[in-house]
1. What number comes out for the charge environment of residue 24, summing +1 per Lys or Arg and -1 per Asp or Glu over other residues with Cβ under 13 Å away?
2. With a 1.4 Å probe and every protein chain left in place, tell me how much accessible area residue 148 has, in Å² to the nearest 10.
3. Summing Lys, Arg as +1 and Asp, Glu as -1, what charge do residues with Cβ under 14 Å from the Cβ of residue 86 carry, residue 86 excluded?
4. Suppose accessible area is computed on protein heavy atoms with a 1.4 Å probe; arrange 181, 94 from highest to lowest.
5. Between beta-carbons, use under 12 Å as the cut-off and find the net charge around residue 41, counting Lys and Arg +1, Asp and Glu -1.
Amino acid sequence: MAPLDLIDLASRVSDGADVDWRQADRATASPEEQRIVGNLHLVERVASVHRNPPPPPQETLLTRTLADHESAARPGTSSGSGSPLPDRWGPLEIRARICEGGFGEVFLAWDPTLRREVALKLLKPDVSSSRPLASRVLREGRLLARVTHPNVVTLHGAESHAGRLGLWMELVRGRSLSELIKEQGPLGPREAALIGIDLCRALAAVHRAGLVHRDVKAQNVMRQTGGRILLMDFGAGSEASEAVQ
């Protein structure tokens with residue numbers, strides 16, 4: 001049997017071509033290749049679902065894609081929002097608003113203790129008191145904190161200050177795959193295959209932590225400036241034992 005070509009296999013998945021998964025599994029030469037093939041098969045199943053996606057769920061505060069912070073507002077401005085920019089939240093200094101949704105906001109913030117920029121996600125004051133929403137955001141933080149991998153966004157902490165619940169995590173400068181495809185058109189086969197392999201590695205780490213992401217799509221995959229691929233947004237995730245079979 002010919003050796004397995006993972007790049008070719010990932011290219012076929014990205015192109016929507018038919019794949020003989022039993023043959024691919026038999027051709028694997030190591031446990032690592034078996035994990036990659038298994039996750040490529042998962043990507044193919046997810047892609048088939050998103051070709052005919054269900055109606056979008058009700059908006060929740062998730063780990064959204066972060067555009068380059070250079071395009072965010074300057075400190076002390078509202079970045080197009082009607083609400084003023086807060087000066088700080090707990091130990092963090094807030095420098096700019098990156099994006100805003102119905103339930104929360106994402107800010108560029110500065111951690112003076114560790115002297116680094118971070119992404120700070122806060123529930124709005126009027127919804128921070130909602131137990132279901134607060135529980136959902138804390139659940140997302142706990143799920144994300146269980147995964148340590150170069151291709152998964154890193155959570156730094158979760159706290160509540162001045163009546164606002166928040167998560168802060170690494171600040172990722174780059175673009176989502178969804179944005180890149182809209183701006184530049186379809187990815188080439190090799191580029192798509194390499195991204196797919198990085199996503200398989202991320203999903204393998206998620207699964208090793210006993211979790212299921214449940215929302216893998218272009219909007220939730222980030223390409224950092226320099227090329228690093230990151231899986232984000234664990235708001236729809238669950239324990240593997242809770243996942244619907």
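The values are calculated or read from the model by the stated rules, or taken from the named source; none is laboratory data. None of the values given here were measured: they were computed from a predicted structure. Glycine also receives a Cβ, built like all others from the backbone with ideal geometry; neighbour counts cover every protein chain displayed. Each accessible area value is taken on the protein alone, full model and side chains, heavy atoms only, with ligands, DNA and RNA left out. Shrake-Rupley method; radii C 1.70, N 1.55, O 1.52, S 1.80 Å.
1. Summing Lys/Arg as +1 and Asp/Glu as -1 gives -3.
2. 130
3. Residues close to residue 86 contribute a combined charge of +2.
4. Highest to lowest solvent-accessible surface, that is 181, 94.
5. Summing Lys and Arg as +1 and Asp and Glu as -1 gives +1.
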